[in-house]
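Peer 1: The structure is given below, and queries will be raised subsequently.
Derivation of every value follows stated rules applied to the coordinates shown; laboratory data play no part. Computed from a prediction, not measured in an experiment: that's the story for all the values here. Please note: Cβ atoms are built from the backbone with ideal geometry, for glycine as well, and neighbour counts cover all protein chains shown.
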Amino acid sequence: MLDIRPNHSSSLREKQIDQLKNRQLAAADALGVSFEKPIISVQSLTKSYHIGSMTVPVLKGIDLSVKEGEFVSIMGPSGSGKSTLLNVLGILDRYDDGEYVLDGTLIKPLSETEATRHRNHLIGFVFQSFNLLPFKTAIDNVAMPLYYQKVPRKQREERARKLLERMGLASRMDHLPSELSGGQRQRVAIARALVTDPPLILADEPTGNLDTKTSEEVMELFTEINHEGKTLVVITHDEEVAERTRRVIHLQDGRIRH
Ligand SMILES: Nc1ncnc2c1ncn2[C@@H]1O[C@H](COP(=O)(O)OP(=O)(O)O)[C@@H](O)[C@H]1O
Ligand SMILES: [Mg+2]
């Protein structure tokens, strides 16, 4: 006769463990603490550019950990390697040595296809120059990442519309980027970064082309997004922008300054 008890008891135990976990999570939630799991974990990471026969070291041994739900800024002089680092973190560019683990996955061995899948699933990008498609309307720009995820058209439009409404751009959905102000363009770009609901947002000088008031609005939006649980890493030149984040990392000549 088959004895089903071990299975039964193990599933019961799993259930109890689940219940316990849920209770712990609820308790942690109530206390406002997280389990501080790193989403970004970088160790001794290096990267050089090769120009002809010359090797230019840019990242010279970066150690960095960003926990889920953090809101950090990276500051540093021009040429210190900020964009290079962000491109590596965003799996837009490869690194040479060291280790980068994103959301539990070691990035180095990934194939191009796997890297793209991880990037699309985990990361939303915001850039200084907005990087919107000039011949697409605001709503089409926002919906674009969902097209690559093969989401049906109706759902793509619905989600893009909701996000643009949230960005205060309800009356600008059908405008081209050239018909929008800098601040409006950046809000379209932020909506696009959020449309796939990624846990991590990477922004490279997102306020670099904006005036003070508009920069503040963008940082206000980022703060809101962070409060909703997303992890944000923002590169900036601007002290005031950095002050709006909860941790500042200083990069100098390819190294983190402690
Ligand atoms: N694609 C590239 N090819 C060669 N050198 C590059 C490339 N991108 C950046 N660099 C060089 O790497 C250094 C760091 O650049 P970058 O990461 O853009 O710095 P930051 O964003 O802090 O201004 C600079 O000296 C820059 O000239
Ligand atoms: Mg840069």
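Peer 1: Using the Cβ atoms and a cut-off under 11 Å, what net charge is assigned to the surroundings of TYR148, where Lys and Arg are +1 and Asp and Glu are -1? Spell out each step's value before the answer.
Peer 2: Values: positive: ARG117, ARG119, LYS150, ARG156; negative: none.
For residues surrounding TYR148, the net value is +4.
Peer 1: If you line up the Cα atoms of the chain on their principal axes, what length do they span on each, largest first, in Å?
Peer 2: 74, 50, 38
Peer 1: Among TYR148, TYR100, what is the fewest-to-most ranking by other Cβ atoms within 10 Å?
Peer 2: Numbers: TYR148 10, TYR100 20.
Ranked by crowding around the Cβ, least crowded first: TYR148, TYR100.
Peer 1: Moving to a separate point now. For LEU251, which sequence-distant residues (separation of 5 or more, or a different chain) have an amide H within less than 5 Å of its own amide H, given hydrogens modelled in the peptide plane?
Peer 2: Long-range HN contacts for LEU251: MET75, GLY76, ARG257.
Peer 1: Jot down the radius of gyration and Dmax of the stretch 85-204, Cα atoms only, both in angstrom.
Peer 2: Expressed in Å, the Cα Rg and Dmax of the stretch 85-204 come to 15.2, 48.
Peer 1: Next question. What are the residues whose amide H is under 5 Å from the amide H of GLY124, where those residues sit 5 or more places off or on another chain and H is modelled from the backbone?
Peer 2: Result for GLY124 returns LEU200, ILE201, LEU202.
Peer 1: Sticking with this structure for a sec: Give the Rg/Rh ratio for the stretch 183-241, taking Rg as the radius of gyration of the Cα atoms and Rh as the Kirkwood radius, to two decimals. The partial results should precede the final answer.
Peer 2: On the way: Rg = 10.8 Å, Rh = 11.6 Å.
Using only Cα positions, Rg/Rh for the stretch 183-241 is 0.93.
Peer 1: Could I ask something else about it? Order by neighbour count: THR207, THR245, fewest other Cβ atoms within 10 Å first, most last.
Peer 2: Numbers: THR207 27, THR245 22.
So the residues, fewest neighbours to most, are THR245, THR207.
Peer 1: With a ≥ b ≥ c taken as the square roots of the eigenvalues of the C-alpha gyration tensor of the stretch 65-147, please select rounded if a/c is under 1.5 and otherwise prolate if a/b is larger than b/c or oblate if it is not? Walk me through the numbers on the way to the answer.
Peer 2: Working: a/c = 1.83, a/b = 1.31, b/c = 1.40.
It comes out oblate by the Cα gyration axes.
Peer 1: Taking neighbour counts of Cβ atoms within 10 Å as a proxy for exposure, in what order, fewest first, do HIS175, HIS258 appear?
Peer 2: Working: HIS175 16, HIS258 6.
Lowest count first: HIS258, HIS175.
Peer 1: Output ³J(HN,Hα) for the stretch 84-99: one whole-Hz value per residue in order, computed from phi by the Karplus curve 6.51 cos²θ - 1.76 cosθ + 1.60 with θ = phi - 60°, and x for Gly and Pro.
Peer 2: Couplings: 4, 4, 5, 5, 5, 4, x, 6, 8, 9, 8, 10, 8, 10, x, 9 Hz.
Peer 1: Excluding residues fewer than 8 places away in the same chain, name every one of the lysines whose C-alpha is closer than 28 Å to that of LYS154.
Peer 2: The reachable lysines, counting only those whose Cα sits under 28 Å from LYS154, are LYS136, LYS162, LYS230.
Peer 1: Counting Lys +1, Arg +1, Asp -1, Glu -1, what net charge surrounds SER65 among other residues with beta carbon under 15 Å of its beta carbon? Don't skip to the answer; put the middle values down first.
Peer 2: Working: positive: LYS37, LYS67, ARG246, ARG247; negative: GLU36, ASP63, GLU68, GLU70, GLU99, ASP103.
Here the charged neighbours net out to -2.
Peer 1: Now, a different point. Put a dot 7 Å past each Cα toward the Cβ at LEU176 and ASP253; how far apart are the dots in nm?
Peer 2: 4.8 nm
Peer 1: While we're on this one: Filter the GluC sites (Glu not before Pro) in the stretch 149-258 to those in DSSP coil with at most 12 other Cβ atoms within 10 Å of their Cβ, and list the result. All intermediate terms of the calculation are to be shown ahead of the outcome.
Peer 2: Details: sites: GLU157, GLU158, GLU165, GLU179, GLU216, GLU217, GLU220, GLU224, GLU228, GLU239, GLU240, GLU243; in loops: GLU228.
When the GluC sites (Glu not before Pro) of the stretch 149-258 are filtered for loop state and at most 12 Cβ neighbours within 10 Å, GLU228 remain.
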